[in-house]
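Visitor: Dropping the structure in here first, questions after.
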Amino acid sequence: MPITNYSVLAGDPVSGKVVSGASAHYQITMNAPGGPFTLAVNIQSVDGSEVLYAIVEDFTPPDLAGLTALPMGMTALKSEAGGLALDFVRSEVGAAPMITKAQMTLLPQVGAQAKGGSVEAQAIQQAKAMALQNAVVTLLNMTIADKDGVIYAFGSAFADGGKVDGIHDIHMNQGNPKNNHGGDNGIWQDGALFISLPSKGTWTAVFIAFQTESWSTDSAGNPV
């Protein structure tokens with residue numbers, strides 16, 4: 001079945017930290033009505049499903065007016081075309097794709113051995129593995145510094161047992177192999193971060209996918 005509770009969370013970020021473990025992620029705390037909330041952003045490749053990512057500057061959201069009209073807080077979305085739902089394969093901005101696989105960069109697995117094994121090669125490998133985390137931290141700090149800065153996080157909303165609620169699955173949620181998160185497949189339910197910095201008049205998008213995911217999918221989000 002597709003991911004549950006597909007939503008977009010709009011809020012004012014206040015802090016962030018790395019949460020390590022089997023699925024390392026960067027946790028952002030956001031203030032908004034009904035919150036505080038947490039965002040769990042995948043920042044490392046740890047299970048063999050290498051992360052692909054793109055940081056798109058000077059970005060225009062597919063439905064800018066609809067997005068900025070949202071109230072702060074969590075808003076449930078219908079997984080269908082014509083609304084705010086995102087689809088890496090099908091969404092367009094103007095007449096162009098919102099994002100393509102060719103725009104994305106492969107994030108090496110943490111701890112992967114660099115060719116040659118030299119100290120310099122290992123340092124380069126580690127720097128590449130940290131690239132997405134560093135970019136997210138930089139964008140977070142810029143948004144916090146902008147008094148009107150807002151992060152719009154698309155993904156799966158969750159309730160943490162009466163504790164802090166939040167949103168995860170902030171990445172592509174289709175094209176998974178049947179035996180590897182295939183149950184999460186669906187169309188018009190992809191996750192991303194859209195960051196608005198009114199002081200600069202800019203939008204930046206963060207797109208994350210996995211190398212195991214196909215960008216050719218059927219009407220159920222399964223690879224074809």
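Visitor: Treating the beta-carbon of each Lys and Arg as +1 and of each Asp and Glu as -1, no other charges, what is the dipole magnitude of the chain about its Cα centre, to the nearest 20 debye?
Guide: 320 debye
Visitor: Are any of the pairs Lys17/Lys178; Lys17/Lys147; Lys101/Lys147 more than 30 Å apart by Cα-Cα distance, and if so, which?
Guide: Pairs exceeding the cut-off: Lys17/Lys178; Lys101/Lys147.
Visitor: For the range 126-224, give the magnitude of the charge dipole about the Cα centre (Cβ charges: +1 Lys/Arg, -1 Asp/Glu; no others), in debye to the nearest 20.
Guide: 280 debye
Visitor: Let me ask something else. What does the highest-first list of 66-77, 146-157 look like by mean Cβ count within 10 Å?
Guide: Result, highest mean Cβ count within 10 Å first: 146-157, 66-77.
Visitor: Another question about this same structure. Can you find, among Ala10, Leu86, Leu64, the residue sitting farthest towards the positive end of the charge dipole of the range 1-99, where Lys and Arg contribute +1 and Asp and Glu -1 at Cβ?
Guide: Positive-end residue among those listed: Ala10.
Visitor: Here is a further query. For the ranges 88-97, 29-38, 2-11, what's the packing order if you count other beta-carbon atoms within 10 Å of each residue, average per peptide, and put the highest first?
Guide: 2-11, 29-38, 88-97
Visitor: Over the range 7-76, with a single point scatterer placed on each C-alpha, what log10 of the ratio I(q)/I(0) does the Debye formula yield at q = 0.16, 0.20, 0.23 1/Å?
Guide: -0.75, -1.02, -1.11
Visitor: Also: Given the chain, report the % of alpha carbon pairs whose separation exceeds 29 Å.
Guide: Percentage above 29 Å: 23.
Quick note: the coordinates plus some simple rules give every number you see, no bench work behind them. None of these values were measured; they are calculated from a predicted model. So basically every Cβ, Gly included, is an ideal-geometry build from the backbone, and we count neighbours across all protein chains shown.
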